[in-house]
1. Are any of the residues in region 251-273 among the aliphatic types (A, V, I, L, M), surrounded by fewer than 12 Cβ atoms within 10 Å (Cβ to Cβ) and free of Cβ contacts under 8 Å to residues at least 40 places away in the same chain?
2. Considering only region 305-360, state which residues are under 19 Å from Phe153 (Cβ atoms) and polar (S, T, N, Q).
3. Wholly within region 162-262, which helices (runs of 4 or more DSSP H) include no fewer than the required count, namely at least 1 residues that are closer than 30 Å to Arg299 by Cβ?
4. When you check Arg348 against the structure, is it touching a residue at least 60 places away in the same chain (Cβ under 8 Å) and among the basic types (Lys, Arg), yes or no?
5. Which pairs do you get when a residue that is farther than 18 Å from Asp321 by Cβ and among the hydrophobic types (A, V, I, L, M, F, W, C), found in region 155-167, comes within reach of a residue that is surrounded by 18 or more Cβ atoms within 10 Å (Cβ to Cβ) and at pLDDT 95 or above, reach meaning Cβ atoms under 6 angstrom, with the pair 6+ apart or on two chains?
6. Determine which member of the set Val243, Val214 is buried (at least 22 other Cβ atoms within 10 Å of the Cβ), on the phi < 0 side of the Ramachandran plot and modelled with pLDDT of 95 or more.
7. So, of the residues in region 112-154 that are free of Cβ contacts under 8 Å to residues at least 40 places away in the same chain and among the charged types (D, E, K, R), which turns out to be nearest to Thr316 (Cα to Cα)?
8. For region 5-21, what are the residues that are part of a loop (DSSP other than H, G, I, E, B) and either of a type in the set (D, E, K, R) or more than 19 Å from Val340 (Cα to Cα) (or both)?
Amino acid sequence: MPGSSFGDLFCVTNFGESHGPAIGCVIDGCPPGLALCEADIQVELDRRRPGTSRHVTQRNEPDAVEILSGVYEGLTTGTPIGLLIRNTDQRSKDYGNLLDTFRPGHADYSYWRKYGLRDPRGGGRASARLTAPMVAAGAVARKWLKEQHGTQFSGWMSALGEIAIPFVDAAQIALNPFFAPNAEIVPALEAHMDALRHAGDSCGARIEVRASNVPLGLGQPLYDKLDADIAWAMMGINAVKGVEIGAGFGAVAQRGSFHGDELTPAGFASNHAGGVLGGISTGQDLVVSIAIKPTSSIRTERASIDRQGQPTKVQTFGRHDPCVGIRATPIAEAMLALVVMEHALRQRAQCGDVRLPIPPIAGSLSGR
């Protein structure tokens, strides 16, 4: 199946289905000598794992990762790294009514028309379950980037449905199931999710993700722009329908005298560009925002057709996230890490010897 591999120098090939025996990936191109064990990867998988609160799918998967190859005596060897995550809590019978029908808003219909057949159990390859191997691969990229460049990644939910979540305290992000940087708003988020679940409906979300201490010079000036690759990666996440870099669509209402980030000897005065100019990183934080649509698998009965083209009604059973955005933060962080990793290796290969007599200016002076 074309489209199952991500990246060139740091190539991640994703395999498996939602209700198959296992899912996983093969990472080809990880530099040798990186200290790596399952625990380095598991910490990120645990952040994404289902069944961790009443507000997400109750599919109880441990998502325990196994390193099958590419590591010897605790160090990466430079050969392909095989990562396996076994599926242990499938309930395929929940999808029996979808064999001949199509969920509105889901990939069921388009997938069937493309391939002529489909695996209806949990969406098969179209399932968000397949983001787990990318989070695992992202964990490897994150460790290398942190050790080599001090690069770090963070993310949070900035809106749940129509509820905006003001950024108050980064320390709160890890303390609630919504990845919300605001403790006071969590009860309102919980009430909103309880009401949606009771109504058999769903909502979307907005996720912010950032990379700090990003090397300068990542990206190319034309077709391999860093921000273009970031947008491409984010749109590859299930249910993402919009991506903004920096000011994003807010730039429409800005004037050039405001939007253009002024340079000073002490650093950039602002970061409306989101850390990328002309497709190349500036050394400022990469600033990305994604819009996630409402979950398509809902209990509310909706109109559809069957495989004979006849009208029918569809009601989705099983265990689903009323808002897939709740677990999207570590996924978005991982995809951003994979893009930065790819471009860091490209930069090292082509421009690793570039030296300028003037040191780079600092990042943005405007704070978060």
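1. Within region 251-273 (the criterion being among the aliphatic types (A, V, I, L, M), surrounded by fewer than 12 Cβ atoms within 10 Å (Cβ to Cβ) and free of Cβ contacts under 8 Å to residues at least 40 places away in the same chain), the answer is yes, since at least one residue qualifies.
2. Result: Thr329, Gln347.
3. 186-199, 226-235
4. no
5. The qualifying pairs are Phe167/Pro181.
6. That would be Val214, the only listed residue that is buried (at least 22 other Cβ atoms within 10 Å of the Cβ), on the phi < 0 side of the Ramachandran plot and modelled with pLDDT of 95 or more.
7. Arg118
8. Within region 5-21, Asp8, Glu17, Ser18, His19, Gly20, Pro21 qualify.
The values are calculated or read from the model by the stated rules, or taken from the named source; none is laboratory data. Quick caveat, the model's predicted, so the values are computed rather than measured. Glycine gets a Cβ as well: all are built from the backbone with ideal geometry, and neighbour counts include every protein chain shown.
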